[in-house]
1. Considering only region 51-66, I want to know if a residue exists there that is assigned to a loop (DSSP other than H, G, I, E, B) and surrounded by fewer than 16 Cβ atoms within 10 Å (Cβ to Cβ).
2. Could you tell me which of the residues 278, 265 is among the aromatic types (Phe, Trp, Tyr), within 15 Å of the ligand (Cβ to nearest atom) and in contact (Cβ under 8 Å) with a residue 12 or more places away in the chain?
3. In this structure, does residue 201 turn out to be modelled with pLDDT of 95 or more, in contact with a helix residue (DSSP H, G or I) (Cβ under 6 Å, 6 or more places away or on another chain), in the same structural domain as residue 296 (by TED's automatic domain parsing) and aromatic (Phe, Trp, Tyr)?
4. If we scan region 303-313, do we find a residue that is more than 27 Å from residue 398 (Cα to Cα) and in contact with a His (Cβ under 8 Å, 6 or more places away or on another chain)?
5. In region 30-50, how many are under 25 Å from the mean Cα position of the chain (by Cα), open to solvent by 70 Å² or more (accessible area, probe 1.4 Å) and either outside the structural domain of residue 92 (by TED's automatic domain parsing) or free of Cβ contacts under 8 Å to residues at least 60 places away in the same chain (or both)?
6. Take the conditions in a loop (DSSP other than H, G, I, E, B), acidic (Asp, Glu) and either open to solvent by 30 Å² or more (accessible area, probe 1.4 Å) or at pLDDT 95 or above (or both) and apply them to residue 118. Does it pass?
7. From the residues in region 420-450 that are within 19 Å of residue 384 (Cβ to Cβ) and open to solvent by 70 Å² or more (accessible area, probe 1.4 Å), which one is farthest from the ligand (Cβ to nearest atom)?
8. Only residues in region 432-455 that are within 14 Å of residue 393 (Cα to Cα) count as the first member; pair them with residues that are within 16 Å of the ligand (Cβ to nearest atom) and open to solvent by 30 Å² or more (accessible area, probe 1.4 Å), Cβ under 8 angstrom, at least 6 apart or cross-chain, and list the lot.
Amino acid sequence: MNKQGYQFWFFVGSQDLYGEGCLRHVAEHARVMVEAINASQDLPYPLLYKPVLITGDMIRRMFQEAGEDPSCAGIITWMHTFSPAKSWIAGLKANTKPLLHLHTQYNEAIPYDQIDMDFMNENQSAHGGREYGHMVTRMGLFRKVIAGHWKNPQVRQRLAAWMRTAVGIVESSRLKVMRVADNMRNVAVTEGDKVEAQLKFGWQVDAWPVTELAAAVADVSEADTRQLVEEYYNSYDILLDGRDQEDFRRHVAVQAQIELGFERFLQEKDYHAIVTHFDDLGTLKQLPGLAIQRLMMKGYGFGAEGDWKTAAMVRLMKQMTRDIKGARGTSMLEDYTYHLVPGEEGILQAHMLEICPSLADDKPAIRCQPLSMGNREDPARLVFTSKTGPGVAVSLIDLGTRFRLIIAEVDCRQVPRPMPKLPVATVFWTPKPDFTTGVEAWILAGGAHHTAFSYDLTVEQMVDWGEHMGIEALVIDRDTRLTRFKQEILLGQAVYR
Ligand code: MN
């Protein structure tokens with residue numbers, strides 16, 4: 001879904017004091033850099049080379065053009081020479097796109113034998129980049145700064161990672177979440193100010209009656225349903241757990257029909273994320289399990305029990321990780337059960353049903369088991385264990401007057417033995433820096449029990465997303481110490497109101 005081909009505009013700053021020859025070199029260097037970087041395929045999206053910017057009018061016009069182009073996902077600025085920063089004010093004021101300051105230089109080494117004043121004037125990023133950076137800071141604008149030579153693999157890696165964050169920012173501004181039911185009664189963390197979410201993040205969060213969704217599901221033909229069931233049986237293992245084969249297939253078909261009905265409804269109404277609630281299902285025969293897992297796999301965001309904030313974050317994180325080669329997976333998760341044996345501590349992550357199979361470490365299996373909640377027939381769901389390795393779990397909470405994004409670095413591990421009686425997908429992780437600190441910090445920060453999780457994103461990317469949105473981004477990672485973390489919470493209370 002969403003085949004939007006994004007591009008990033010490359011703005012090179014200079015001025016007209018150095019003469020035509022110098023400006024020709026500046027333009028030529030920028031062109032060489034853009035072509036080489038694009039050819040390397042180190043970045044997930046192409047750079048678009050733009051004319052060298054030397055006057056305030058030109059700079060303002062270029063930012064405005066970028067703002068009007070929906071395929072522009074961000075602007076990368078680089079000061080090749082000195083570029084007086086007052087000429088950037090109008091442009092920066094007009095800017096609506098994610099902004100990065102690539103603080104680099106065309107040449108890697110100082111050419112000791114040849115360097116003269118002409119060379120210095122032509123290659124003075126150290127000088128021009130500071131003038132420009134000063135202005136962006138003075139204007140209080142959020143931008144990412146990446147310093148280093150443009151051929152350096154680490155610089156390219158960080159640039160690639162930021163591009164994904166920028167896509168998360170741009171996608172946020174057009175995100176639509178479909179609420180099929182209200183939040184689960186009495187639950188606090190799934191609530192939130194939807195008006196403020198639209199102001200801050202751009203999210204449109206709409207309620208739809210479950211009756212309309214159920215009607216869309218009922219409209220799905222038997223033939224279409226049968227075809228999708230075939231696809232399921234070809235793609236996944238089947239664990240009958242002693243059930244009758246035909247009865248099992250009938251249960252699976254209910255989910256296939258829900259998947260098709262929901263997907264058609266979401267497409268028709270142009271929504272990118274969905275929430276459900278086990279207690280408000282209308283005429284749906286089962287809580288959507290397998291159906292939601294499949295929709296998440298296709299790129300839709302999901303939050304359970306009406307959790308629209310998590311649904312939106314899952315969607316954005318899926319867009320940020322789109323088309324990563326060897327992507328390891330992104331899903332909603334829920335903190336469920338602890339393992340507290342000293343030296344082995346961790347948290348078992350799961351949900352009633354709805355974990356995205358992108359996390360699976362092997363071929364998922366379909367099982368059909370009773371649900372202890374709600375009053376519907378036993379839902380079919382995909383069961384699997386998940387990959388091991390590092391990941392990032394985020395929780396967006398509403399503190400009443402503002403949002404806070406909590407970003408935790410976690411280490412996903414294998415449980416020592418299988419859990420044959422557990423009919424849901426699981427992940428097992430230990431938070432950083434260690435179980436006790438990580439869990440205590442999460443609780444003190446007010447983190448929810450639902451998270452949006454990805455193996456394919458970093459703390460830095462999520463912090464950049466939060467900072468761009470102008471909200472507090474609290475990090476729990478390998479460097480977290482509780483005494484300092486408490487001070488960070490206090491500081492955040494003073495800064496963000
Ligand atoms: Mn839940």
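The values are calculated or read from the model by the stated rules, or taken from the named source; none is laboratory data. Nothing here was measured: the structure is a model prediction, and the numbers come from that model. In this analysis, Cβ positions are derived from the backbone assuming ideal geometry, glycine residues included, and neighbour counts consider all displayed protein chains. For the accessible areas, the whole protein counts, side chains as well, though only heavy atoms, and no ligand, DNA or RNA atoms are used. Shrake-Rupley method; radii C 1.70, N 1.55, O 1.52, S 1.80 Å.
1. Filtering region 51-66 down to residues assigned to a loop (DSSP other than H, G, I, E, B) leaves 51-52, 54-55.
Narrowing further to those that are surrounded by fewer than 16 Cβ atoms within 10 Å (Cβ to Cβ): 51, 55.
The answer is yes; a qualifying residue exists.
2. On the way: 265 fails: within 15 Å of the ligand (Cβ to nearest atom).
Answer to the check: 278.
3. On the way: modelled with pLDDT of 95 or more: yes; in contact with a helix residue (DSSP H, G or I) (Cβ under 6 Å, 6 or more places away or on another chain): yes; in the same structural domain as residue 296 (by TED's automatic domain parsing): yes; aromatic (Phe, Trp, Tyr): yes.
Yes: the conditions hold for residue 201.
4. First, the residues of region 303-313 that are more than 27 Å from residue 398 (Cα to Cα): none.
No, region 303-313 contains no residue that is more than 27 Å from residue 398 (Cα to Cα) and in contact with a His (Cβ under 8 Å, 6 or more places away or on another chain).
5. Applying the first criterion (under 25 Å from the mean Cα position of the chain (by Cα)) to region 30-50 yields 37-38, 40-48.
Those still in the list that are open to solvent by 70 Å² or more (accessible area, probe 1.4 Å) too: 41-42.
This time we only want the ones that are either outside the structural domain of residue 92 (by TED's automatic domain parsing) or free of Cβ contacts under 8 Å to residues at least 60 places away in the same chain (or both), so: 41.
Residues flagged as under 25 Å from the mean Cα position of the chain (by Cα), open to solvent by 70 Å² or more (accessible area, probe 1.4 Å) and either outside the structural domain of residue 92 (by TED's automatic domain parsing) or free of Cβ contacts under 8 Å to residues at least 60 places away in the same chain (or both) within region 30-50 amount to 1.
6. On the way: in a loop (DSSP other than H, G, I, E, B): no; acidic (Asp, Glu): yes; either open to solvent by 30 Å² or more (accessible area, probe 1.4 Å) or at pLDDT 95 or above (or both): yes.
So residue 118 does not fit the description; no.
7. Here is the first cut: in region 420-450, the residues within 19 Å of residue 384 (Cβ to Cβ) are 420-429.
Narrowing further to those that are open to solvent by 70 Å² or more (accessible area, probe 1.4 Å): 420-421.
Values: 420: 23, 421: 20 Å.
Among them, the one singled out is 420.
8. What qualifies is 448/189; 449/189; 449/335; 450/189; 451/335.
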